[in-house]
Each structure stands twice: as C-alpha cells, then as structure tokens.
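Written below as structure tokens is the structure these notes are about.
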Amino acid sequence: MKKVLRRSNDSSRNSTNSAFTVRTAKYVECQRNHAASVGGYAVDGCREYMPATGTLNCATCGCHRNFHRREVETDVNSDCTSASSTTT
C-alpha cells in the first residue's frame, strides 16, 4: 500500500490552520487479458497485487503493477488550532 501525504496552506487563512490530504493507493485484482494474442479474453484470477522483491511485478501472477486495478482513498484532515483568550 502506497501513501502520499500532501500539506496545503491557503495564504488567506490564519497561519496556524493547515490541511493535510492523505491519499492511499491500493492495487487489487489483475485485469491483464492473457488471451489477447489469440483474440479471446481470459484473466488469471489474481485477487491482489503482492510486490516481488525489488521489482514492480506481482509475486503471484508475474504481471506488472499497472495491470492491477488501482483504488485510491483520500482523507482530508485539518489541523486547526485557535488561540483562546481567558481573562481573570
């Protein structure tokens, strides 16, 4: 699973407010058509991408990672800190 963390600050906002976008990419079932060369359609049934050591090939089916369907989950987290004033 690959995670990408992005931080975005809007110049119109207070400098203490910031937003974080976390994107998680997961590669699931293989969609490679193994019978394309003979004019048919057949997939191998590999359910999830398992990386082989040091390569982008799947350890289960041997296909490149790009043949596996990619699911991206996006979470936006805001880190708001506001100054509270107390008078005694």
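Using packing as a proxy for protection, rank 40-52, 22-34 so that the peptide with the highest average count of other Cβ atoms within 10 Å comes first. Spell out each step's value before the answer.
Values: 40-52: 13.3, 22-34: 15.1.
So the peptides 40-52, 22-34, ranked by packing, come out 22-34, 40-52.
E48: net charge of surrounding residues, Cβ under 13 Å, Lys/Arg +1, Asp/Glu -1, itself excluded?
Values: positive: K26, R47, R65, R69, R70; negative: E29, D44, E71.
Surrounding charge for E48 is +2.
Any read-out appearing in this document is the output of simple, stated calculations on the displayed coordinates, not a laboratory observation. Remember, it's a predicted structure, so these values are computed and weren't measured experimentally. No Cβ is skipped: glycine too gets one built from the backbone with ideal geometry, and neighbour counts run over all protein chains shown.
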